[in-house]
Amino acid sequence: MRQKSAVLIDDEPDITTYLSTLLTDHGWRVRAANRAADGLKLLQDERPDVLLLDLMMPEQGGLSVLVAVRKDERLKELPVVLVSGIQEKLTADYHAYIERFQHYRPDAFVDKPVDATQLLATLEQVTAIHA
């Protein structure tokens, strides 16, 4: 069985360390970045099976990374899982965004703090669809 790979983009080093360790312990190969620009470079270097993307980041937010991925011909079908701890008001704003830009929709959304079992199940589900 081929090892699945993920790129993880999150501005919080503790989160990238936790998620990288979790996924690696479950047989995934993970490359992580704490800046959106660095994460986009990782995606260009080697296409992973899935992108885990924080929504709220300084400099360049997760939604702009999502749009860049969906506009990239090589990456547009890449499964994207948004991982964020957005609150109720931001959730409403996020849903309004998704309604306006449906063709940039992520494949799944996981709340922080991340439930390991839920995340692993979500990753299996979205990668199975795109296999």
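The values are calculated or read from the model by the stated rules, or taken from the named source; none is laboratory data. Note that this is a predicted model, so its numbers are computed, not measured. With ideal geometry, Cβ positions are generated from the backbone for all residues, glycine too; neighbour counts draw on all protein chains shown.
Just one of the listed residues (T21, T16) is more than 22 Å from A131 (Cα to Cα), modelled with pLDDT of 85 or more and in contact with a Leu (Cβ under 6 Å, 6 or more places away or on another chain), namely T16. In region 65-96, the residue that is nearest to the chain's Cα centre (by Cα) out of those that are of a type in the set (A, V, I, L, M, F, W, C) and modelled with pLDDT under 60 is L90. Could you list, in sequence order, all residues of region 100-122 that are closer than 19 Å to V65 by Cα and not in a loop (DSSP other than H, G, I, E, B)? Matches in region 100-122: R100, Q102, H103, Y104, A108, F109, V110, D111.
Taken over region 14-53, the criterion of being hydrophobic (A, V, I, L, M, F, W, C), closer than 15 Å to R74 by Cα and either surrounded by fewer than 16 Cβ atoms within 10 Å (Cβ to Cβ) or under 12 Å from the mean Cα position of the chain (by Cα) (or both) is satisfied by L40, L43, V50, L51.
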